[in-house]
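Report on the structure given below.
Laboratory data are not the source of any read-out in this text; all were calculated from the coordinates shown. Everything numeric in this text was worked out from a predicted model, so none of it was measured. Please note: Cβ atoms are built from the backbone with ideal geometry, for glycine as well, and neighbour counts cover all protein chains shown.
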Amino acid sequence: MAAALNLSLKGRTALVTGAATGIGRAIALAFAQAGAAVVVNHLGQATQAQALVHELQSFGVLAWALEADVSVAADVARLAAQVQTTCGALDILVNNAGIIQEKPFLETTEADWDRMLATDLTSVFLTARAFLPVMVARQQGVVINIASDLGILGRAQLAPYCAAKAGVIGLTRSLAREFAPAIRINAIAPGPVNTAMVSLAAMSAESIKNELDIPQQRFAEPEEIAATALFLASDLSRFYCGQVLGPNGGSVMP
């Protein structure tokens, strides 16, 4: 008889990068409520990360805050060693850390490009390279990469961001094929989400129009993206491989 399927993550340990705020924070909370121990990765947000750790612990799970710049190989290696020492083997890796910049393409510098690719794409490569060996050794694990609907659609004045997120989708599919069936690797490509990173106050009028010009006519809340992450982390998604799930309000209809 097949094992029962449910959303429980009890007995599993998850690392969420860029987890101090926004989507990462919501994912960490959803995982803790489902019973997972959670490592909160952050960069320069110690106060927010520690506050989140206390909130996670209120659900009766273990939680830790570990600072690292996941776009830097040495930092990721240190983070992997800390995770191993602090909480043992990792069951779930969520690559959420990211940045965005709106800028005309012809004004985009090499430094802009390099920073975006390093934070939004290279970080996924580095963390996967650091944590997959342990998952392979145990023949189990889940990797969830946070992409974007703009990695599929493209958007004027967001070329580096769109390129990086398209890269995340391609990397997800490649790794999913290479590490299946033991390791489940999938991506989430959200539409516009109400976070500090996607702030209407910092966006041009044209970008605001583009973001709201979707069937749902609103931004998602981080918890709505976290629900998809919880599904992908759980046994309910065990036949998903290399998929890009789109909680996007209808911005992309493949």
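Which one, Val83, Ile100, Ala163, projects farthest toward the positive side of the charge dipole computed for the chain from Cβ point charges (K/R +1, D/E -1)?
So the residue furthest toward the plus end is Val83.
Fully extended, how many nm does the chain gain between Ala156 and Glu206 (0.36 nm per residue separation, minus their Cα-Cα distance)? The partial results should precede the final answer.
Working: separation 50, 0.36 × 50 = 18.00 nm, distance 0.97 nm.
Extra length from Ala156 to Glu206 when fully extended: 17.0 nm.
Could you calculate the FRET efficiency of Glu107 with Ala81 from 1/(1 + (r/R0)^6), where r is the beta carbon distance between them and R0 is 41 Å, rounded to 0.05? Before the final figure, lay out each step's value.
Working: r = 40 Å, r/R0 = 0.98.
My answer for the efficiency is 0.55.
Take every Cα pair under 8 Å in the stretch 13-245 that's 6+ residues apart, average their separations, divide by the length, and report that relative contact order as a whole percent. Show your work: numbers first, answer last.
Numbers: 429 pairs, mean separation 46.5, N = 233.
Result for the stretch 13-245 is 20 percent.
Order of Glu211, Glu206 from fewest to most other C-beta atoms within 10 Å?
Glu206, Glu211
Just in the stretch 73-179: which GluC sites (Glu not before Pro) are loop by DSSP and have at most 14 other Cβ atoms within 10 Å? Don't skip to the answer; put the middle values down first.
Working: sites: Glu102, Glu107, Glu110, Glu178; in loops: Glu102.
Listed in order of number, the matching sites are Glu102.
Determine the calculated [θ] at 222 nm for the chain from helices alone, applying -39500 (n - 2.57) to every DSSP H run no shorter than 4 residues and normalising by the residue count; nearest 500 deg cm²/dmol.
Numbers: 9 runs with 108 residues, N = 254.
Rounded to the nearest 500, the figure is -13000 deg cm²/dmol.
Can you sort Arg25, Arg173 so the residue with the fewest Cβ neighbours within 10 Å comes first?
On the way: Arg25 27, Arg173 17.
Listing Arg25, Arg173 from fewest to most nearby Cβ atoms yields Arg173, Arg25.
Can you list the residues of the stretch 15-46 with backbone N under 18 Å from a point 7 Å past the Cα of Asn6, pointing along Cα to Cβ?
30-37
What is the distance in Å between the Cα centroid of the stretch 80-94 and that of the stretch 1-49?
13 Å
Normalised by the number of residues in the stretch 15-118, what is the relative contact order in percent for Cα pairs under 8 Å and 6+ residues apart? Provide the component values of the computation, followed by the final result.
On the way: 142 pairs, mean separation 28.4, N = 104.
It comes to 27 percent, rounded to a whole number.
Order of Tyr161, Tyr240 from fewest to most other C-beta atoms within 10 Å?
Numbers: Tyr161 24, Tyr240 15.
Listing Tyr161, Tyr240 from fewest to most nearby Cβ atoms yields Tyr240, Tyr161.
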